[in-house]
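Working notes for the structure below.
The values are calculated or read from the model by the stated rules, or taken from the named source; none is laboratory data. What you see is a predicted model, and the numbers here were worked out from it, not measured in a lab. Neighbour counts are summed over all protein chains in view; Cβ atoms, including those assigned to glycine, are modelled from backbone coordinates with ideal geometry. Protein only, heavy atoms only, side chains kept; ligands, DNA and RNA dropped before computing areas. Shrake-Rupley method; radii C 1.70, N 1.55, O 1.52, S 1.80 Å.
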Amino acid sequence: MAAPPDEASVSVKAEPELLEDVKQETPGCTDNEEAALGNGNGVSPKPPSPPAAAPAAVTPQAGSTDAPDRQTLLAVLQFLKKSNLKESADILLRETGIQDGEDAQSLSPEQRSEQDGAEQTLLSRVTAGSAGAANSGAGAAAPGKGERGRRGKVSAAPQDQPDVSAVLSAYTQQGDPALYEDYYSGLKRFIESVLDCHRAELSQLFYPLFVHMYLELVYNQHESEAKSFFDKFHGDQECYYEDDLRILVSLTKKEHMKGNETMLDFRTSKFVLRISRDSYQLLKRHLQERQNNQIWSIVQEHLYIDIFDGMPRSKQQIDAMVGSLSGEARREANKVKMFYGLLKEPEIEVPLDDEDEEGENEEGKPKKKKPKKDSIGSKSKKQDPHAPPQNRIPLPELKDSDKLDKIMIMKEAAKRVRLCPDSLPSICFYTFLNAYQGLTAVDVTDDSSMIAGGFSDSTVRVWSLTPKKLRGVKSTADLNLIDKESDDVLERIMDERTSSETKILFGHSGPVYATSFSPDRNYLLSCSEDGTVRLWSLQTFTCLVAYKGHNYPVWDAQFSPFGYYFVSGGHDRVARLWATDHYQPLRIFAGHLADVISTRFHPNANYLATGSTDRTVRMWDVLNGNCVRIFTGHKGPIHSLTFTPNGKFLASGGTDARVLLWDIGHGLMVGELKGHTNTIYALKFSRDGEILASGSMDNTVCLWDAVKAFEDLETDDFTSATGHLNLHENSQDFLLGSYMTKSTPVINLHFTRRNLLMAAGAYGPQ
C-alpha cells in the first residue's frame, strides 16, 4: 500500500556529473504521489490527483506530466545567462530549439510578468526535488517505473530528448561551498529554538544532513571547505556515530568515495527518520521561508521522513530506537504477517520410567501425575494459531533415532527444574586453560554431551563432556568382519582403540569463527576466514563437504532446529541458506549495509534472524527470501541473537553492552536491559523461557527475569499508530543476578534439558 504523501520524500536530484546519473524511485510512492511530494512552492503537499484534473491556467508544477511552456524555458535561459553559465545555456538552446536572440524582451508585458514569476520560483522548484523533473523537456513523456528505478551511470541524453532539469540539478548541487556552514548553522539555531517536544525529533536531522553535506562537498571537490565543515560540526553528533565519523573523515577526495562501500551505501540509500506530523510541518515551513534549498534538496533526495500522527516522541524514546547505519526502520517494513508459532509436535508415545510404574498410592492404584502448567516456553500438542502450515517448508522426516531422542527430551523435560526469581539456575562454567591457539567460538550439543571450540590456528576441537570417550568408526577392513545381524552392531562398529576425550579437526586455512552441532549430534559445522563453511562427521571426525559461496570471511554459521538446513553470514554483507546435500546455497538474503556477524534460526525453522555491523537486526522468510522485520536500536555491531522457546520474542546483544528485546509479531522493541559494560557475545533463554542469560566480554554472566519483561505485552492493544512504546526506565528491576569470573570472557551459554546453565570461555591472564 502506498504511503500517504506527507510520509515520504522523493529522490530526484541528479548527481553532479552532467547528464550522467539517473534518479531513483522511492519505494511505496506512485507517480502522482511523487508529484504532490515534490512541489517546492511553499504549499503543504495535498493528496495526489490525476494530472488531467489540474487546472489548465496554473503554471505547470515540477512533477507535472505536461511539458513546460515556452515562457518557462525562456526564464530558465535568462537565469542561466545571468549566472554566467554559458555552457549550460548553450545546451538548453541546443536541446529546446530556442533561437539565441529570443529572450524576454520579445515577450508581451503579460508574458514578461509570467516569466519573471517563473524565474523567481525556478530555483526552489528544481531543488525541492520534484518527482517528475526528468520529463521537463519539451515534448518529453513521463518515464515508466522501470526507467526511474534504474541505478548507475547512463550516457548523455540524445539531442532529440531534451533534459533541462538534469542540467539545472547538476548546477544546484554545486552551490556556493562557503555557504554550507551557514546553512547548517542556521538549521541548528532553528532546531535549538523550537519547543522541547519538537527539538528531540528534529535533532535527528543533524547527523544525516552533516554526512550528506560533507559528502557533497567532497564529491564536488571542495576539499578545504569539506575539512572546515567537518572540523566545525563533527563534535555535535551523537557519540554512537563515532565509528562512522572515523570512516567519514578519511574520505577527503572524490576518488576515496568510490572504494568505500559503507559511505556509498549511505549516499545511495535513504536514511529513515521517524517524525511526528507537527514537527515535520515546522521543519518544512522553516526551510521554505528561509529558502534553504540546499538542505531541503538533501532532505528530499537522501532522507525518508516516516511521518506519524500523534504526540512527538521524547528524547528517551528516540534514543532507544536510533543508531543504525540507515536510521530507523520504516514502520511498514515491520507489518508483514509472520507465522511465529511453533510447529505441532509429532505424537510419540513416551514409555513410563520404572519409578513411575512403582509409584502407587495407598489404595494400590497408580499415582496420577499433576498436569504441568504451561509456561512461556512450553510446547503444546495443539496446533498453534500463529504457527505456519506444517508443510510450508520441506523438513527432514523423523528417523527412528530422532524419535528415540525426542522421547529422551520429553523424559528430561518432566524432570526439568522450574526456574523463577526465587529458583535461579546453577551455573557450570567451562574454562579453556592455556588456549594459546586463541579461542574464537564455542558450541554445545543439545544433550550437553559434547563441546566444540573454534580456534585462531584454523583448528576445530571437540571434547566429550561425559565419561564416555569420543570414538570413531572402525576402518573398512575391520567393518567387514562385523556380524551385521547382531543386536549391538552400532556398538561394534565403533573403534575403542582410537577413543579419546578430545578430537582435533584440520581443514580450514584461517581462523575459525563459529561452530554449530546438528540436532542429531552426527555433524558439526564450522566457518572460517578462508571463506568456507565445513561440514564434519562426528562418526569419522573427518570433513565431508566444504561449502564455497562466500568470497570473504564467514563470521557465523548455525544449524536449523530440525537439522538439514543451515545459515551462514559473512563479510560480503549477505546471509546464505544451505542444505547439507546441496553444494550451492538455496537462498541469498541481501539487504544489510555491512557485515552479517550473527545468525539464528527461529524455533519453527521458517524464519531466521541476522545481526550486522550496520547495527540492525533483520528477520528473513526462509520460504521466499523476503525481509519481514527490521529492528533498529543498537548502537554497535550485533554479536548475539536468541529466540524464546515459544518463538514470540527475540533478544539481541552487541558491542553497545545492551540487550534489546523484540516482539516479533508486532515488530516492536519491548525491552532494554542494561547491566553489562562490554560486548555481549552470548544470549540464551532457559528451556521454559522464564530466564534470560547473557554473557559478556566483561567476564560476567547476568540472569534476567524474562517473564517480568514480557508480562505486560500479552495483549494486542499496546501497539499504536506511532509504532513506539514507553520502555521500562530501570532495567535493574529485571536483573536477578550477576556472576563474575576471575578473568574469563563469556562467549557461549547453554541451558541443559533440565535447566542447568552452562557457560564457556577462555581464561585470559590479566
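Sequence gap at least 6, Cα distance under 8 Å: using those rules, report the relative contact order of the stretch 434-587 to the nearest whole percent.
Working: 367 pairs, mean separation 26.3, N = 154.
Relative contact order here is 17 percent.
Past the 24 Å Cα-Cα mark, which pairs from Lys337/Lys648; Lys648/Lys742; Lys254/Lys548; Lys81/Lys188? Table pairs above 24 Å Cα-Cα are Lys648/Lys742; Lys254/Lys548; Lys81/Lys188. Of the chymotrypsin sites (Phe, Trp or Tyr not before Pro) in the stretch 561-651, the ones in a loop by DSSP (not H, G, I, E or B) with at most 15 other beta carbons within 10 Å are Tyr583.
Shape of the stretch 479-592 from the C-alpha gyration tensor: prolate (a/c of 1.5 or more and a/b above b/c, with a ≥ b ≥ c the square roots of its eigenvalues). Ligands, DNA and RNA excluded, the heavy atoms of Arg416 present near 60 Å² of accessible surface to a 1.4 Å solvent probe.
What does DSSP give for the stretch 483-587 in terms of the percent of beta bridges that are antiparallel, rounded to the nearest 5?
Details: 27 of 27 bridges.
Among the beta bridges of the stretch 483-587, antiparallel pairing accounts for roughly 100 percent.
Rolling a 1.4 Å probe over the protein heavy atoms leaves Arg461 with an accessible area of roughly 40 Å². The dipole here belongs to the stretch 590-649: it is taken about the Cα centre, uses +1 on the Cβ of Lys and Arg and -1 on the Cβ of Asp and Glu, and is about 180 debye.
Send over the Kirkwood Rh of the stretch 552-612, from the inverse of the averaged 1/r over different Cα pairs, rounded to one decimal Å. Don't skip to the end; give the middle numbers.
Numbers: mean 1/r = 0.0881 Å⁻¹.
About 11.3 Å, per the Kirkwood formula over Cα pairs.
Give the peptides 731-740, 291-300 in descending order of average Cβ contacts within 10 Å, highest first.
The packing order, highest mean first, is 291-300, 731-740.
Per-residue extension of 0.36 nm, minus the Cα-Cα distance of Lys81 and Lys742, leaves a gain of 230.4 nm for this segment.
For the stretch 631-692, the residue among Phe631, Leu668, Ile680 whose Cα projects farthest onto the positive side of the dipole built from Cβ charges is Ile680.
When Tyr552, Tyr513 are compared by accessible area of protein heavy atoms, the largest-first order is Tyr552, Tyr513, using a 1.4 Å probe.
The label point for Glu397 and the one for Asp176, both projected 7 Å from the Cα toward the Cβ, are 7.9 nm apart.
Which pairs, out of Lys270/Lys684; Lys258/Lys674; Lys411/Lys708; Lys258/Lys284; Lys403/Lys469, put more than 31 Å between their alpha-carbon atoms? Table pairs above 31 Å Cα-Cα are Lys270/Lys684; Lys258/Lys674; Lys258/Lys284. Which stretch or stretches of the stretch 392-427 have amide N atoms under 18 Å from the point lying 7 Å from Gln383's Cα along the Cα→Cβ direction? Taking a point 7 Å out along Cα→Cβ of Gln383, the residues of the stretch 392-427 whose backbone N falls under 18 Å are 392-395. Name the shape class, rounded, prolate or oblate, that the alpha-carbon gyration tensor gives for the stretch 534-688, where a ≥ b ≥ c are the square roots of its eigenvalues, rounded holds for a/c under 1.5, and otherwise prolate holds if a/b is larger than b/c and oblate otherwise. Note, shape of the stretch 534-688 comes out prolate.
The length gained on full extension between Ile588 and Asp446, counted as 0.36 nm times the residue separation minus their Cα-Cα distance, comes to 48.4 nm.
All other residues whose Cβ lies under 13 angstrom from that of Leu641 are scored, Lys and Arg at +1 and Asp and Glu at -1, for a net of +3.
Counting only protein heavy atoms and a 1.4 Å probe, tell me what percentage of the stretch 428-565's accessible area is made up of carbon and sulfur. Please list the in-between numbers first.
On the way: 3350 of 6600 Å².
Ligands and nucleic acids excluded, carbon and sulfur reach 51 percent.
Could you order Lys403, Lys227 by accessible surface area, starting with the largest, using a probe radius of 1.4 Å? Working shown, then result.
Numbers: Lys403 90, Lys227 130 Å².
My answer, sorted largest first, is Lys227, Lys403.
Its alpha carbons give the stretch 270-331 an Rg and a Dmax of 12.2, 33 Å.
Counting only protein heavy atoms and using a 1.4 Å probe, the accessible area of Val249 comes to about 70 Å². Full extension of the segment from Cys420 to Cys239, taken as 0.36 nm per residue of separation minus the current Cα-Cα distance, would add 61.4 nm. Here the stretch 657-710 has an Rg and Dmax of 11.2, 34 Å, counting Cα atoms alone.
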